[in-house]
Amino acid sequence: MKKKLLSAALAAAMCMGLAAGASAEEAAEKVFRYSTTAEPTTLDPSKVNAISDNEIQHAATESLVRNTAGDVQPGLAESWEVSEDGLTYTFHLRESSWSDGQPIVAGDFVYSFQRLMNPETASLYAFIGECIKNGSAVEAGELPVEELGVSAPDDSTLVIELEAPTSYFLSMIGSQAQFAPLRQDIVEQYGADFAATADKNVYSGPFVISNTDNKVVTFEPNEYYWNRDAINWDRVELYTVEEQATALAMCESGDLDYARIPTEQVALYEGDSRHHEYMNGNEDYLYINVGSEDCPILANKNFRMALNYALDRNTYIALATSNVYLPSNTLVMPLVAGVNSTYGEEFDLTESSYPLDGDAAKALEFLNAALEEEGIASASDVTVEFVTTDNETNKKIAEVIQEMWQSVLGINVDIRQVTYGEIYSTVYPTSDYQVGYAGWGPDYSDPYSYLGLFESTFTSYGTNYSNPEVDEYLAYAKTEPDAQKRMEALNNAEKLILDDAAFVPLQCRQDHYLMDEDVTGVEFYFCSVNIDWIYGDIAADAQ
């Protein structure tokens, strides 16, 4: 087994242009190598819309504060004050510079925030700034960007006004790339090509991106970074390796220091000291386009209930994930913060949601009601297209669900696979699907990070779902200062979304990975940035 893994790793390394062994000079360097399954969708900080993109930006950008696995520390701001009503944050910037040596000033943040919310930017993640005063109105084009609640009284002072007290605000801006500063002159110099390649940007963070060619993103220390002494890596290399099994083999051979373990191989590494696990925050769902013209029955609540009751989630977890992931029948990840403990401890909806073992008889009741309401003679007359990305793991997931729906309901399920970049840049935003597989990791530790997906104004997943009561509860939660009342409103919104069968919940991801035993200081978290290697190092006794 070991020899087969080594052979696969060397073959993969040769295909990617890697040397089979490190040179003496390379061995003396502190280099961290890891992989991802898809190339970045964008390197524009205002436009990142996936955790993998955000992890890249977390190394190359710095916001007012830095969030490392939930620990929020000063970043480009050395101090700040919050008004008694929680609505105004005043940040005092430290002396710091961009990677080209020019000073970073408060106006760089004002420009960045305004660009994010400007509808002309067309950022799919503009919603993340709706907590800022006038954020929603600016995003909708109802107010000019100058009315956004961000101002710079001088070069070292930034004032941010919020719509309502936001307990997670510092945590969010410390981990989301959209809140990092941008240089207006650089953005305007490159125009549509801004950040298209590594050299078409300047960097505010601990690392600069020095290469993006040949499916490799290379990071090197930013010599102008204010906290340069805390950075230990001489270089970090991120490789795009589409299949996790290949990446794992490369880790075994020493070509990578970190790799995720495919679910079907997790059991092989029990007891291995390099094997670790963590909850990565992703809840995986099947999104339903209730406005699909090609499959109008998806607008029928009874049909959506049938899809949910026909799914035996426990069996699905065993077949599709080798019992590595955890079955889920709710929307919000239980680990996010509630009022006094976790949301899951305070509001357990598991028993009142769809049965984890499924219920075939109940599913058929819902299906027959839907067919009668829609005037469809037979279940065999219904065809649902299932869209997912083109890697083997997602194909397996789609095939397991396809088999369950076809065998229990008697409907037809066709699978369409697209690239990772296509599904998040085109397919979901333009509603070019009927049912689609995707995950959502929270941008901050709060239920709203999940529930906002089903607000009628949220279009990134193109579900066309709209429930005025859900919108009302979520709007109330945005402005209610009482923490308990706010959390109850969020819970009521989740109940309504589940009652509407607006989606098909599947699983909570529990990631397993191998990490070279010489590597220290790499953090993992379930919000915004899963792997955070910024302050990593090589153990002293390994050098």
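Brief remarks on what is shown
- Shown are S83, S380, whose ranking by accessible area with a 1.4 Å probe and every protein chain present, most to least, is S380, S83.
- Per residue, the convex hull spanned by the Cα atoms of the range 431-475 measures out at 79 cubic angstrom.
- Highest average first, the peptides 52-63, 413-424 ordered by how many other beta carbon atoms sit within 10 Å of their residues are 52-63, 413-424.
- Derived scalar couplings between HN and Hα for the range 192-208 equal 5, 8, 4, 6, 5, 9, 4, 7, 9, 6, 10, 10, 9, x, x, 10, 9 Hz in order, rounded to whole Hz, by the Karplus curve 6.51 cos²θ - 1.76 cosθ + 1.60 (θ = phi - 60°), x for Gly and Pro.
- Look at the dipole of the chain built from charges on Cβ: of P429, G86, N118, the Cα furthest out on the positive end belongs to P429.
- Euclidean distance between Cα centres, the range 275-313 to the range 114-169, Å: 32
- Between P144, A177, I261, the Cα set farthest toward the positive side of the dipole of the range 142-291 (charges on each charged residue's Cβ, about the Cα centre) is that of I261.
- Entry comment: accessible area of the chain is 40 Å² per residue, from protein heavy atoms only and a probe of 1.4 Å.
- Put simply, the convex hull of the Cα atoms in the range 150-277 casts, on average, a shadow of 12.5 nm².
- Of the beta bridges in the chain, as assigned by DSSP with both residues counted there, near 80 percent are antiparallel.
- Over the chain, volume per residue of the alpha carbon convex hull, in Å³: 153
- Each stretch of four or more DSSP H residues adds -39500 (n - 2.57); spread over every residue of the chain, this sum gives -8500 deg cm²/dmol at 222 nm.
- Calculated FRET value between E84 and E142, using beta carbons and R₀ = 25 Å, to 0.05: 0.25
- Stokes-Einstein D (µm²/s) once Rh is taken as the Kirkwood radius of the range 352-428 over alpha-carbon pairs, at 4 °C in 1.567 mPa s: 92
- Inter-part distance, the range 174-251 to the range 364-440, computed on C-alpha centroids, equals 36 Å.
- Simple rule: put +1 on each Lys or Arg Cβ and -1 on each Asp or Glu Cβ in the chain, find the dipole, and look at P221, G358, P103; the Cα lying farthest toward the positive end is G358.
- In range of the label at V339: residues from the range 467-484 whose backbone nitrogen is under 13 Å from the point 7 Å along Cα→Cβ: 481-484
- Cα centroid of the range 475-543 to Cα centroid of the range 28-70, whole Å: 16
- Two-site label geometry, E517 and L356: point separation in nm, points 7 Å out along Cα→Cβ: 3.5
- P(r) histogram, all alpha-carbon pairs of the range 401-539 included - 5 Å bins from 0, percent: 2, 8, 13, 15, 16, 15, 12, 9, 6, 3, 1, 0
- Estimated dipole of the range 90-183 in Debye, rounded to 20 [Cβ of Lys and Arg +1, of Asp and Glu -1, Cα centre]: 260
- Translational diffusion of the range 79-215, µm² s⁻¹ [Kirkwood Rh, Cα pairs; Stokes-Einstein; 37 °C; 0.692 mPa s]: 208
- The share of accessible area on the chain that comes from carbon and sulfur is 46 percent, using a 1.4 angstrom probe.
- Rounded to the nearest whole Hz, the Karplus-based 3J(HN,Hα) values (6.51 cos²θ - 1.76 cosθ + 1.60, θ = phi - 60°) of the range 166-171 follow the sequence 10, 4, 9, 4, 5, 4, with x at glycine and proline.
The values are calculated or read from the model by the stated rules, or taken from the named source; none is laboratory data. What you are looking at is a predicted structure, and each value in this text was computed from that prediction instead of being measured. Please note: Cβ atoms are built from the backbone with ideal geometry, for glycine as well, and neighbour counts cover all protein chains shown. What goes into the accessible areas is simple: the full protein's heavy atoms, side chains included, and nothing from ligands, DNA or RNA. Shrake-Rupley method; radii C 1.70, N 1.55, O 1.52, S 1.80 Å.
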